[in-house]
Amino acid sequence: ADSNQTVDEELFVRWTDGDREHLLGTRRQLPDSHPLVDRGLAAVALAGGTAWKTEAIPDERIRAAAADHGYATAWVLPITDADGTRLGVVMLWSSSGTELELRPELHLGIGCHMLRIALVESARRRAMRLAAMTDPLTGVWNRTGLTAQLQLAAANGTLPLAAVFVDLDEFKQINDTLGHDAGD
């Protein structure tokens, strides 16, 4: 490329963490509905490869948005779990129409791998927290989880409370012989 020519680039990362979806951009915050960060972009782009000239993008809406921003080249790489489950996508838009010598797909691939590790670790920690606060058989809050939920509701000022007492005949024997942890 001409040494006087400046290359405008923008990187977007869209990922799912649990049941929440996030979007992060390097320089500007685009709404989720914007064509350059649209959920459909990943499916369109990945079907055609990881790097392409923007005039070859099959979705006209995305192609027009890229042209409006002056982008001539794009790379889209998935962030996938070890089993291939898609966790998110990394999108790099560039005003340069030439193949860059730094092989962005290699660097983006390394970045995707690091993001995958972070997302998997986040999901593992969330699962461990939930397991520590719920009954494994029923999935309802255990004593620790219920206490945490009540404290959270009290702190937020949203503590509508109802208490239900259940009397199970001869349940005292379980607590007396096996202990309260087993009874809980």
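The values are calculated or read from the model by the stated rules, or taken from the named source; none is laboratory data. This structure is a prediction, so every number in the text was calculated from the model and none was measured. No Cβ is skipped: glycine too gets one built from the backbone with ideal geometry, and neighbour counts run over all protein chains shown. These area figures cover heavy atoms from the full protein model, side chains too; ligands, DNA and RNA do not enter into them. Shrake-Rupley method; radii C 1.70, N 1.55, O 1.52, S 1.80 Å.
Of the residues ALA56, ALA118, ALA72, only one is over 17 Å from the mean Cα position of the chain (by Cα), at pLDDT 80 or above and among the aliphatic types (A, V, I, L, M); which?
On the way: ALA56 fails: at pLDDT 80 or above; ALA118 fails: over 17 Å from the mean Cα position of the chain (by Cα).
Checking each option against the conditions leaves just ALA72.
What's the number of the condition GLU105 fails, among (1) modelled with pLDDT of 85 or more; (2) open to solvent by 50 Å² or more (accessible area, probe 1.4 Å); (3) under 28 Å from the mean Cα position of the chain (by Cα); (4) of a type in the set (Asp, Glu)?
Of the numbered conditions (1) modelled with pLDDT of 85 or more; (2) open to solvent by 50 Å² or more (accessible area, probe 1.4 Å); (3) under 28 Å from the mean Cα position of the chain (by Cα); (4) of a type in the set (Asp, Glu), the odd one out for GLU105 is (1).
Looking for whichever is free of Cβ contacts under 8 Å to residues at least 40 places away in the same chain and either within 30 Å of ASP8 (Cβ to Cβ) or within 28 Å of the chain's Cα centre (by Cα) (or both) here; the options are ALA182, ALA127. Which one fits?
After ruling out the rest, the residue left standing is ALA127.
Which residues, taken from segment 67-89, are buried (at least 21 other Cβ atoms within 10 Å of the Cβ) and under 30 Å from GLY18 (Cα atoms)?
ALA74, TRP75, VAL76, LEU77, ILE79, GLY88, VAL89 - these are the residues of segment 67-89 that are buried (at least 21 other Cβ atoms within 10 Å of the Cβ) and under 30 Å from GLY18 (Cα atoms).
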